[in-house]
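*Asks:* There's a structure below that I have some questions on.
The values are calculated or read from the model by the stated rules, or taken from the named source; none is laboratory data. The model shown is predicted, which means the values in this text are computed figures rather than measured ones. Cβ coordinates were reconstructed from backbone atoms using ideal geometry, including for glycine residues, and neighbour counts include every protein chain displayed. Accessible surface is based on the protein model in full, side chains and every heavy atom, while ligands, DNA and RNA are left aside. Shrake-Rupley method; radii C 1.70, N 1.55, O 1.52, S 1.80 Å.
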Amino acid sequence: VHFPDVERVEWLNKVLVQAWPYFGTIMEKTFKEVVEPKIRAKNVHLKTCTFTKINFGEKCPRINGIKAYTKEIDRRQITLDLQICYIGDCEIHMDISKFNLGVKGVQLYGTLRVILEPLLTDPPFVGAVTLFFMQKPHLEINWAGMSNILDVPGISVMSDSLIQDFIAARLVLPNRITVPLKKNMNIAHLRFPIPHGAIRVHLLEAENLVQKDSFLGAIRGKSDPYALLRLGTVQHRSKTVSRDLNPIWNETFEFVVHEVPGQDLEVDLYDEDPDKDDFMGSLVINLLDVRNDRTVDEWFPLSKTTSGHLHLKLEWLSLINDQEKLHEDKKGLSTAILIVYLESAFNLPKNHFEYSNGECGAKKIKNNKYLKKTEREPSSFVLLTVGNKTQKSKTCNFSKDPTWGQAFTFFVHSAHSQSLHVEIKDKDRDTALGTSVICLSHLLKDPNMTLDQRFQLDHSSADSFIKMNLVLRALDAEEPDPQRTKAGVNASKQGPVRVMEKGANQQKSVSPPNSEVSKIPSVSKDATALESLPKKDSREDLDTNDRAAAPVPSENLAGPNETEREQNPEHVPSSVLHTTAAVVPTLPNIQELRLAPSVTSLGSLPSSCFELSSSNLDLPNGTEMPLGEIQLTVRYASIRQSLVVLVNACRNLVPSSNRGVDPYVRIYLLPDRRWASRKKTSVKKKTLNPQYDEKFEFFESLEDVKKRTLDIAVKNSRPFISQERKELGKVRIDLSQEDLIKGFAQW
């Protein structure tokens, strides 16, 4: 029985349907007894607020799937991702001073992560529950009454985005809600955990982008591409390269990674236009693979478009408590990360102050009209600044002792010279209630590089404080393991090589030390043509973009019979066909490949033969007989979420006529037999041992690929009116039986 990563939970949805009416009754009571009094207490004008109708409807939220993580997480926790979909018919109406406001429908989509930790040995067996959305959920609201003005185009987008920002400030990473289930449970480290790491993204260049600009709707022009990079709620935009379908950016961006597995890096390319920017392709990268490989330098194919590749270099940065790593980077890159846990403030002044020559003086209020407004408790928010980056907290209304409970992160270039600037402001009067400056060098005096204390506010009351927990961590870019495969054309230049030596009638080969590796079917001499390809072609054909590398030919030296063998490839002895070996790492290295193993290294895996079957072929004798063999390399590239199929070569094909055959390979990913989804190699003329080395990709999830079958046929390219047999043989591979992450290369 195959269990996919994301499992359907229909039983849980049935429970929700049964319990929904009772939940509606509880919420109606809560709105009346809790929410309504709180709204009335907020403002004098809201004292008449009354809920006139509260109905949560018959449609309840639905959980489309649950993914449970069992690897890459702490053993003392349970991590679940819930795909939530709510298309509700709820109706909530309220009256405020004869004005009727309301909501008559809500749509919400998002992935909610639930973490149960720590696991305990006594009831209730779980210490706390932590909830947060991985990214901003999609939200649409249908307004009713006077508030239906918010449904006007333009205003509706603004109102929904304001509510999305409100949710993000509380429930989207890095913010989270933690509910303790056991008494006296300290949940501070659960609410504000240290991030898992950081990622440095080098946006280098792109090639073969689609043309989006046009003149008079007919003449295609060049586009003006730029890139949007997103991780969680953080987004960066690159510069725009004018009129270039092969842009070069050479820009660097840095992101904090709070959850792995779970968070993905999203890259979208757009063509900048005066009216509306055109979409040019996108890319989603799984950061778990980047963390495992430390450094990834590859060309990635763009999805949701017809052409285009993007060159990225990704570096995983670990967070370590090591002051020796805090030296200033010569290239101006970040060397540390500052995590600020903003907790609360105490005794903020009611009256606002102004600065006068650095001294604090009370502003005299001459107009009694504003006296009551000035004496009320402030609605405060905090501005936090490190370098040229400023972040803003949520607003706590009408409190001199506000509690924010938020986490912020800053990249630091020089911990010895930079400072954290804190400013508390009143939302209504936009004036400062107090400031504080903390030099990051103070954190270096503590062995854990941590400060958890109250900080005295300047330009404020004498007994005004702000409570924060500051943590400084150095960024460590570990060197990738040299045993792992390298990206690009040179990836396969390590490992044992069989080399041809010059001789008239005999060939000598230098065998690798590992006897198992020497038994691997090698790649024929046609692979030498790959080395001489131009740079762009080599990116497209050689670099499989997932650490897969092309076979590197050995140094073949011409013998007297070489020209004759090239002219008559069908008559080459089998001992000569395999004189050139693919370069392969040794077997222990294969087990360490976490990203895409190289094309040639996969050949060292335990192999068997894919014999081309004669079933369903119109053969004269009607019997089942082997028609030759095909060499395939198949693996799933999780970093790009695609199935990679490399057609290496065929051998010992059975000719369908006396004039020879022109073979090519056709691939379907069953049950999809559409012409548009068919993959096809080039045609090799007059040979029974064709060499292809062509790569194809099927962009499907691993869950879907596991349910599919590869249908591969070798066919003869014949004239349309010819009576020759077209199909030379075929083979089907059940992908549910294969370890696609590890991959395989077999004849």
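Residue-wise test of (1) more than 28 Å from ARG176 (Cβ to Cβ); (2) at pLDDT below 90; (3) in contact with a strand residue (DSSP E or B) (Cβ under 9 Å, 6 or more places away or on another chain).
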position: TYR370; (1), (2), (3): yes, yes, no
position: PRO378; (1), (2), (3): no, yes, yes
position: LEU420; (1), (2), (3): no, no, yes
position: SER436; (1), (2), (3): no, no, yes
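*Asks:* Scan ASN616, ASN652 and give me the residue that is modelled with pLDDT of 75 or more and not assigned by the TED database to the domain that holds ASN286.
*Replies:* It is ASN652.
*Asks:* Among the listed residues GLY405, GLY387, identify the single one that is within 33 Å of the chain's Cα centre (by Cα) and either outside the structural domain of TYR341 (by the TED database) or within 30 Å of ASN43 (Cα to Cα) (or both).
*Replies:* Exactly one residue qualifies, and that residue is GLY405.
*Asks:* For the range 685-698, how many residues meet the condition of being surrounded by 13 or more Cβ atoms within 10 Å (Cβ to Cβ) and outside any strand (DSSP E or B)?
*Replies:* 5
*Asks:* Which condition number in (1) touching an Asp or Glu at 6+ places or on another chain (Cβ under 8 Å); (2) free of Cβ contacts under 8 Å to residues at least 60 places away in the same chain; (3) part of a loop (DSSP other than H, G, I, E, B); (4) of a type in the set (S, T, N, Q) is the one that SER417 fails?
*Replies:* Status for SER417: all satisfied but (1).
*Asks:* Quick one: is THR48 more than 39 Å from the chain's Cα centre (by Cα), of a type in the set (Ser, Thr, Tyr) and assigned to a strand (DSSP E or B)? Reasoning before the result, please.
*Replies:* Working: more than 39 Å from the chain's Cα centre (by Cα): yes; of a type in the set (Ser, Thr, Tyr): yes; assigned to a strand (DSSP E or B): no.
So THR48 does not fit the description; no.
*Asks:* Here is a follow-up. Consider ASN13 carefully, then state whether it is surrounded by 14 or more Cβ atoms within 10 Å (Cβ to Cβ), in a helix (DSSP H, G or I) and under 39 Å from the mean Cα position of the chain (by Cα).
*Replies:* So ASN13 passes the test.
*Asks:* I've got another one for you. Could you check how many residues of the range 699-718 are open to solvent by less than 30 Å² (accessible area, probe 1.4 Å) and touching a Lys or Arg at 6+ places or on another chain (Cβ under 8 Å)?
*Replies:* 6
*Asks:* Can SER682 be described as buried (at least 18 other Cβ atoms within 10 Å of the Cβ) and not in a strand (DSSP E or B)?
*Replies:* No.
*Asks:* Name, by its number, the condition in (1) modelled with pLDDT of 90 or more; (2) open to solvent by less than 30 Å² (accessible area, probe 1.4 Å) that does not hold for GLN391.
*Replies:* (2)
*Asks:* Scan the range 644-693 residue by residue and report those that are touching a residue at least 60 places away in the same chain (Cβ under 8 Å) and among the polar types (S, T, N, Q).
*Replies:* Of everything in the range 644-693, those that are touching a residue at least 60 places away in the same chain (Cβ under 8 Å) and among the polar types (S, T, N, Q) turn out to be ASN648, SER656, SER657, THR687, ASN689, GLN691.
*Asks:* Within the range 12-20, can one find any residue that is within 30 Å of HIS258 (Cα to Cα) and touching a residue at least 12 places away in the same chain (Cβ under 8 Å)?
*Replies:* Scanning the range 12-20, I find at least one residue that is within 30 Å of HIS258 (Cα to Cα) and touching a residue at least 12 places away in the same chain (Cβ under 8 Å), so the answer is yes.
For (1) touching a Gly at 6+ places or on another chain (Cβ under 8 Å); (2) open to solvent by 60 Å² or more (accessible area, probe 1.4 Å); (3) modelled with pLDDT of 80 or more, each residue gets a yes or a no:
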position	(1), (2), (3)
LYS313	no, yes, yes
LEU317	yes, no, yes
ASN321	no, yes, yes
GLU328	no, yes, no
ALA336	no, no, yes
LEU342	yes, no, yes
PRO349	yes, no, yes
GLY361	no, no, no
LYS366	no, yes, no
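*Asks:* Among the residues of the range 266-275, is there at least one that is more than 19 Å from GLN235 (Cα to Cα) and in contact with a helix residue (DSSP H, G or I) (Cβ under 6 Å, 6 or more places away or on another chain)?
*Replies:* Taking every residue of the range 266-275 in turn, none turns out to be more than 19 Å from GLN235 (Cα to Cα) and in contact with a helix residue (DSSP H, G or I) (Cβ under 6 Å, 6 or more places away or on another chain).
*Asks:* Hey, does the range 466-488 have a residue that's modelled with pLDDT under 85, within 30 Å of VAL290 (Cα to Cα), assigned to a loop (DSSP other than H, G, I, E, B) and in contact with a helix residue (DSSP H, G or I) (Cβ under 6 Å, 6 or more places away or on another chain)?
*Replies:* Within the range 466-488, one or more residues are modelled with pLDDT under 85, within 30 Å of VAL290 (Cα to Cα), assigned to a loop (DSSP other than H, G, I, E, B) and in contact with a helix residue (DSSP H, G or I) (Cβ under 6 Å, 6 or more places away or on another chain).
*Asks:* Could you check the range 68-89 and list, in sequence order, the residues that are of a type outside the set (Ser, Thr, Tyr) and crowded, with 18+ Cβ neighbours inside 10 Å?
*Replies:* ASP81, LEU82, GLY88
*Asks:* Let me ask something else. Please tell me if TYR668 is part of a strand (DSSP E or B), open to solvent by 20 Å² or more (accessible area, probe 1.4 Å) and either of a type in the set (S, T, N, Q) or assigned by the TED database to the domain that holds PRO690 (or both). Steps first, please.
*Replies:* Numbers: part of a strand (DSSP E or B): yes; open to solvent by 20 Å² or more (accessible area, probe 1.4 Å): yes; either of a type in the set (S, T, N, Q) or assigned by the TED database to the domain that holds PRO690 (or both): yes.
So TYR668 passes the test.
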